[in-house]
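Notes follow the structure.
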Amino acid sequence: MELTYEVAVDAPLATPLTYSQPAGRTTPIPAGCCVRVPLGRRKVIGYVLGPASLTDPAGAEPAFAVKAIAEVIDETPLFPQTLIPFYRWIARYYHHPLGNVLRTALPLAPTSRSGRRVSAKTRKTLTPGPVLLSPLQSGGTTEEVLAAVEYSLDGRLKNAEHKALSLFLDDLRSGGNRPVPRSLLLRRYPGAGPRLTRLVDLGVLCSVNERVYRDPFGQTPVFHPRPAQLTDEQQQVLEALLPAMDRAAFAPFVLFGVTGCGKTEVYLRLVEHALTRGKTALVLVPEIALASQLEAHFYSRFGARLAVLHSGLSDGERFDQWHNVLTGEARVVLGARSAVFAPLEHVGVVIVDEEHEPAYKQEDGLRYNGRDLAVLRAKMAECPAVLGSATPSVVSYHHCLHGKYTLLTMRKRVAEQPLPTVELVDLAATERSRPDLAFSDRLINAMAQTLEQGQQTLLFVNRRGFSSSMLCRDCGAILQCRHCQVSMTLHRSRNLLMCHYCGSTQHPSTLCPACGSPRLSGVGIGSERIEEEVRQLFPEARIARLDSDTTANRRHYLATLQAVRTRQVDMLIGTQMIAKGLHFPHMTLVGVVWADAGLAMPDYKAAERTYSLLAQVTGRAGRGADPGRVIIQTYQPSHYSVRLAQHHDYEAFFAQEIAVRRPLGYPPFSRLVNIRFSGLKEQQVAQAAGRVAEFLRRQYGNNQVDVLGPSPAPLVKLKDRTRWQLLLKSGSSALLQAMCEALLAEKAELCPRSVSMSLDVDPENMM
DNA sequence: AGCACGCCGACT
DNA sequence: GTCGGCGTGCTC
């Protein structure tokens, strides 16, 4: 009976394929191995999922000819078998081909087109050979060992060889009998090369290639000692969480704690507990900025048992980290969203820090949410999932109130620092001496004062400001759709306002519907422009900017933070990424340039994002002795997301937000799937979107699901491609799943190949 | 995805 | 006559 395998191939195929044992091979191939398989006339990469049966349940022969696996690329699996159900679930839930899911999950696997592989880095080291071993084992001084070697070789050692061996013995002792790198000896004795080679030939030394683990930590991170004493709140929270870990059953928790309440120590204790119970731990952070913050804490506590996985690593570093996890050497993984795929086994706790962060959502290819997958991993591993946040997502908090998740609260800041006072500046109501700039006099004066005192300022720019929405210059209202309560988008070319949820349009009225003012205009402020204005206002100040444009590489990011820490920077300007995790004792002023900019987004989550960003930015001040000052500029000081952020009142914000979403049936009262269409020909794209909408309405048009649209996407044209979208909204996740499956089955009939169609399940933003 | 096949327009 | 455009179908 011939062995056959189920193989997920690196091609957009809906199902795995069946292949047989490579010619001439007898041993079975373990699941998780990377192989090369024939597919049509080419060869592609595939992943072995396990044995396959050639007959279907009815006993029928397959209708295809089974081909043999061409090559086993790696004899050791790239991922543990236990994760296969996890990958299958993801493929099904996100409607993504399994082979492509695996390619996303295993970033270092070779691709079908490039055979380039990242390899282990090794170095040549030397260990004692057979001739040297027994004199070493009988102990004695270096001189005695050398004499014994000389004796057993009948005095065949030359002076230079004697010298090289003597240096080797020194290094061996000082290195605690670890293999001695050849390069180390060559540095001390440049001519040692041929001598060492001869010593190897004589059997005195042994040459070994040792794996080198490239150090992703750059310089050694700051050491954080383990605090002897926990706060009462930390104690209480752990009293709930540790027993849950001991029960070894799935249990989701939201750890709701204000900035600076000491959540990190809670995470560390949970991980410690997992390790002492022989389990492993998975810790996710939204982005690299926070990864480097937490890295130092985790590295201090767990050292070599820690692996980090994030986009800031080089391929080589990532390879090493992945393999450390795979071999079981690293038992704690700390990383960004893709670390949710880390090849850990026996996971004892899953932690997601800042769980509300939009950065957990991957916005291209496999559009997964790292936070949601983390919860799923915990479920499959039968362990607790801990979602930490100072501003939990509306959906997670809703689950807490309905008994789906357990809420744990930490209200006190560790050092009892008071939260800073937050001042709102109403941009619409205040006179400005520089109306040409984005700054009010109050903020300019505060910046000047801070600069004079030698303290630092942080300026937060909500870069999501969208230049084509309409803002009232008098009351700050943003024009919204009457049906969807999302902002209308201005289409300059056609001169009309459109809702990108439902597609309805309205003429750009010359008067503000809220206050009747005629002063309406399109708006948008980015961090580059702010930097320019600040340089103009304070030419003598030292200014740095951090945003996704300037932070493509981690070295620059870390260097900028270092410059701020050593007070070589007076003013730091940045976007979201500077809003969290960072704390600088001399940063006494935090300014928010335009707090309500995010409210202009055509997105039902706009208020939630605004609240959490403001709450986070606010937490950045007052970390040192000085409580700090926060100035928030806004056109909408009375909007609940701005007003309640000022008072650090999450519960009130949640209540308001839920009251808005309930009647509109947005999550958590429904699930969404956004179907995106794009293509080079406008007509084809619009037509395909229309046909799909018609198909779904005909098949499923009842009151259990809303099919909204189709409508042009907010960025209708991107890189010459026209984009349309169709939004599905339903209380039934199963119904949405069935609709998407039916749609994909009919895709060929509804949507030509020149139009690409992709599904975004649980969309995070609608752009 | 990638690679075949197949069916219509302007070229040696 | 045929070279080559890209719409469509299939891959164990």
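Filtering region A:16-45 to residues that are within 12 Å of DNA strand C (Cβ to nearest atom) and among the hydroxyl-bearing types (Ser, Thr, Tyr) leaves A:THR18, A:TYR19, A:SER20.
Please work out if A:LEU13 is under 34 Å from the mean Cα position of the chain (by Cα), within 11 Å of DNA strand C (Cβ to nearest atom) and in a loop (DSSP other than H, G, I, E, B).
Values: under 34 Å from the mean Cα position of the chain (by Cα): yes; within 11 Å of DNA strand C (Cβ to nearest atom): yes; in a loop (DSSP other than H, G, I, E, B): yes.
It is true that A:LEU13 is under 34 Å from the mean Cα position of the chain (by Cα), within 11 Å of DNA strand C (Cβ to nearest atom) and in a loop (DSSP other than H, G, I, E, B).
Every condition in (1) over 24 Å from A:PRO28 (Cβ atoms); (2) modelled with pLDDT of 95 or more is met by A:ALA60 except one, and the failing one is (2). From the list A:PRO358, A:PRO384, the one residue that fits, being open to solvent by less than 10 Å² (accessible area, probe 1.4 Å) and either assigned by TED's automatic domain parsing to the domain that holds A:LEU241 or at pLDDT 95 or above (or both), is A:PRO384.
Scan region A:19-28 and give yes if some residue there is within 14 Å of DNA strand B (Cβ to nearest atom), assigned to a loop (DSSP other than H, G, I, E, B), open to solvent by less than 50 Å² (accessible area, probe 1.4 Å) and not basic (Lys, Arg), otherwise no. No, every residue in region A:19-28 fails to be within 14 Å of DNA strand B (Cβ to nearest atom), assigned to a loop (DSSP other than H, G, I, E, B), open to solvent by less than 50 Å² (accessible area, probe 1.4 Å) and not basic (Lys, Arg).
Restricting the search to region A:504-517, which residues are at pLDDT 75 or above, in contact with a strand residue (DSSP E or B) (Cβ under 9 Å, 6 or more places away or on another chain) and assigned to a loop (DSSP other than H, G, I, E, B)?
Taking region A:504-517 as the starting set, the residues that turn out to be at pLDDT 75 or above are A:504-507, A:511-517.
Checking which are in contact with a strand residue (DSSP E or B) (Cβ under 9 Å, 6 or more places away or on another chain) leaves us with A:504-507, A:511-515, A:517.
Within region A:504-517, A:SER504, A:HIS507, A:LEU511, A:CYS512, A:PRO513, A:ALA514, A:CYS515, A:SER517 meet the criteria.
Residues in region A:689-706: is at least one at pLDDT below 95, crowded, with 18+ Cβ neighbours inside 10 Å and part of a loop (DSSP other than H, G, I, E, B)? No, every residue in region A:689-706 fails to be at pLDDT below 95, crowded, with 18+ Cβ neighbours inside 10 Å and part of a loop (DSSP other than H, G, I, E, B). The residue pairs whose first member lies in region A:11-35 and is over 28 Å from A:TRP89 (Cβ atoms) and not assigned by TED's automatic domain parsing to the domain that holds A:TYR94, whose second member is within 16 Å of DNA strand B (Cβ to nearest atom) and open to solvent by less than 20 Å² (accessible area, probe 1.4 Å), and whose beta carbons are closer than 7 Å, counting only pairs six or more residues apart or on different chains, do not exist in this structure.
Yes/no matrix, rows are residues, columns are (1) of a type in the set (Val, Ile, Thr); (2) over 18 Å from A:ALA378 (Cα atoms):
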site	(1), (2)
A:GLY59	no, yes
A:PHE79	no, no
A:ILE84	yes, no
A:HIS95	no, yes
A:ASN100	no, yes
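Determine whether A:GLY50 is in a strand (DSSP E or B), modelled with pLDDT of 95 or more and away from DNA strand B (no atom under 16 Å from the Cβ). Considered against the rule, which asks whether it is in a strand (DSSP E or B), modelled with pLDDT of 95 or more and away from DNA strand B (no atom under 16 Å from the Cβ), A:GLY50 comes out as yes. Considering A:VAL66, A:VAL72, A:VAL37, the condition of being of a type in the set (Val, Ile, Thr) and within 15 Å of DNA strand B (Cβ to nearest atom) is satisfied by A:VAL37 alone.
With respect to the conditions (1) more than 16 Å from DNA strand B (Cβ to nearest atom); (2) open to solvent by 80 Å² or more (accessible area, probe 1.4 Å); (3) not in a loop (DSSP other than H, G, I, E, B); (4) not aromatic (Phe, Trp, Tyr), A:LYS43 falls short on a single one, namely (1). For A:GLU651, the test of being free of Cβ contacts under 8 Å to residues at least 24 places away in the same chain and among the charged types (D, E, K, R) is passed.
Among the residues of region A:1-18, which ones are within 13 Å of DNA strand B (Cβ to nearest atom) and open to solvent by less than 20 Å² (accessible area, probe 1.4 Å)? Talk me through it step by step, then tell me what you get.
Taking region A:1-18 as the starting set, the residues that turn out to be within 13 Å of DNA strand B (Cβ to nearest atom) are A:9-15, A:17.
Matches in region A:1-18: A:VAL9, A:ALA11.
Tell me, please, whether a residue that is closer than 30 Å to A:GLN646 by Cα, open to solvent by less than 10 Å² (accessible area, probe 1.4 Å) and under 15 Å from the mean Cα position of the chain (by Cα) can be found in region A:323-340. Scanning region A:323-340, I find no residue that is closer than 30 Å to A:GLN646 by Cα, open to solvent by less than 10 Å² (accessible area, probe 1.4 Å) and under 15 Å from the mean Cα position of the chain (by Cα), so the answer is no.
The values are calculated or read from the model by the stated rules, or taken from the named source; none is laboratory data. If you're wondering where the values come from, they're calculated on a predicted model, not measured in any experiment. All Cβ positions, even for glycine, are placed from backbone atoms using ideal geometry, and neighbour counts span all protein chains on display. These area figures cover heavy atoms from the full protein model, side chains too; ligands, DNA and RNA do not enter into them. Shrake-Rupley method; radii C 1.70, N 1.55, O 1.52, S 1.80 Å.
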